[in-house]
Amino acid sequence: MTNTTHFGYKTVSEDDKVHEVAKVFHSVASKYDVMNDLMSGGLHRIWKTFTIAQAGVRPGFKVLDIAGGTGDLAKAFAKQAGPSGEVWLTDINESMLRVGRDRLLNKGLVTPTLLCDAEKLPFPDNYFDRVSVAFGLRNMTHKDQALAEMRRVLKPGGKLLVLEFSKVAAPLQKPYDIYSFSVLPWLGQRIANDAESYRYLAESIRMHPDQETLKSMMETVGLERVQYYNLTAGVAALHTGIKL
């Protein structure tokens, strides 16, 4: 029997979800940064800056950026880790990874890039000082498995950082829903010629675990000192956990 999961609000087979998510990001890769700026009013850059600060990457660190997309975090981490460090930009989507790799090269940063599945990371145990995933966890079929893999590849004392859309504060819920299901698809059609991918984005946010649920999931896979920071009234949240 084929296992099923959700793709936005639809119920699909797990294999179909992988293909559907891939189609979304192949479609939006070339306009990804422009759309992020428009959708968030530039706030995504502030959220990422906060995440980078919380990571505390130092020279010589080994860092893994999962679902790294266009490379915003990897670029900052590569500069902080320096020539003695090792920063990997990874993504399951080839179109996104190419954009990220090219952006890093254009900045003079030569850092390894790898097409890989976060649920089956091709790295040894206890290898990285930091692991990050920004706006990628909600697209993963088996989030618990992905989180367990992230913990596995961390060194003892290493930190996982998960930046993701989350549950917005109650007073903002109604206007946020109107914006998400009316304005986002309209922007997607006008800028990226793809309304459906941005309708999926809005739906995938609603299907993603809320702040407390994700905190519990991280603790279940063995991470310690798990905490989260609500950003912009919970539109996004940064979760952090330590491998002891």
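The values are calculated or read from the model by the stated rules, or taken from the named source; none is laboratory data. Just so it is clear, the structure is predicted and the values come from calculations on it, not from any experiment. Neighbour counts are summed over all protein chains in view; Cβ atoms, including those assigned to glycine, are modelled from backbone coordinates with ideal geometry. For accessibility, only protein heavy atoms count, side chains too; no ligands or nucleic acids. Shrake-Rupley method; radii C 1.70, N 1.55, O 1.52, S 1.80 Å.
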Subset of the stretch 1-21 [open to solvent by less than 30 Å² (accessible area, probe 1.4 Å), in contact (Cβ under 8 Å) with a residue 40 or more places away in the chain and assigned to a strand (DSSP E or B)]
T5, F7
Selection count where residues are among the hydrophobic types (A, V, I, L, M, F, W, C) and open to solvent by 20 Å² or more (accessible area, probe 1.4 Å), scope the stretch 22-69
12
Going through the stretch 74-105 in order, the residues found to be among the polar types (S, T, N, Q), at pLDDT below 95 and part of a helix (DSSP H, G or I) are S95
Hits in the stretch 124-134 (condition: open to solvent by 20 Å² or more (accessible area, probe 1.4 Å) and over 15 Å from the mean Cα position of the chain (by Cα)):
P124, D125, N126, Y127, D129
If you check V110 against the conditions, is it hydrophobic (A, V, I, L, M, F, W, C), free of Cβ contacts under 8 Å to residues at least 24 places away in the same chain and at negative phi?
yes
One residue is enough: does the stretch 139-159 have a residue meeting the conditions touching a His at 6+ places or on another chain (Cβ under 8 Å) and within 21 Å of T5 (Cα to Cα)?
no
Give me the pairs, please: first residue somewhere in the stretch 192-215 and surrounded by fewer than 18 Cβ atoms within 10 Å (Cβ to Cβ), second residue anywhere and in a helix (DSSP H, G or I) and β-branched (V, I, T), beta-carbon distance under 7 Å, and either six or more positions apart or on two chains.
none
Which listed residue, of L147, L154, L115, is surrounded by fewer than 22 Cβ atoms within 10 Å (Cβ to Cβ), hydrophobic (A, V, I, L, M, F, W, C) and either closer than 24 Å to L244 by Cβ or free of Cβ contacts under 8 Å to residues at least 60 places away in the same chain (or both)
L115
Which of the residues that make up the stretch 50-103 are within 14 Å of the chain's Cα centre (by Cα) and of a type in the set (S, T, N, Q)?
T51, T70, T90, N93
All but one of (1) within 15 Å of the chain's Cα centre (by Cα); (2) in a helix (DSSP H, G or I) hold for K31; which doesn't?
(1)
Cβ-Cβ below 6 Å, separation at least six or inter-chain, first residue in the stretch 63-92 and among the small types (G, A, S), second open to solvent by 10 Å² or more (accessible area, probe 1.4 Å) and assigned to a strand (DSSP E or B): which pairs?
A67/D91; G68/D91
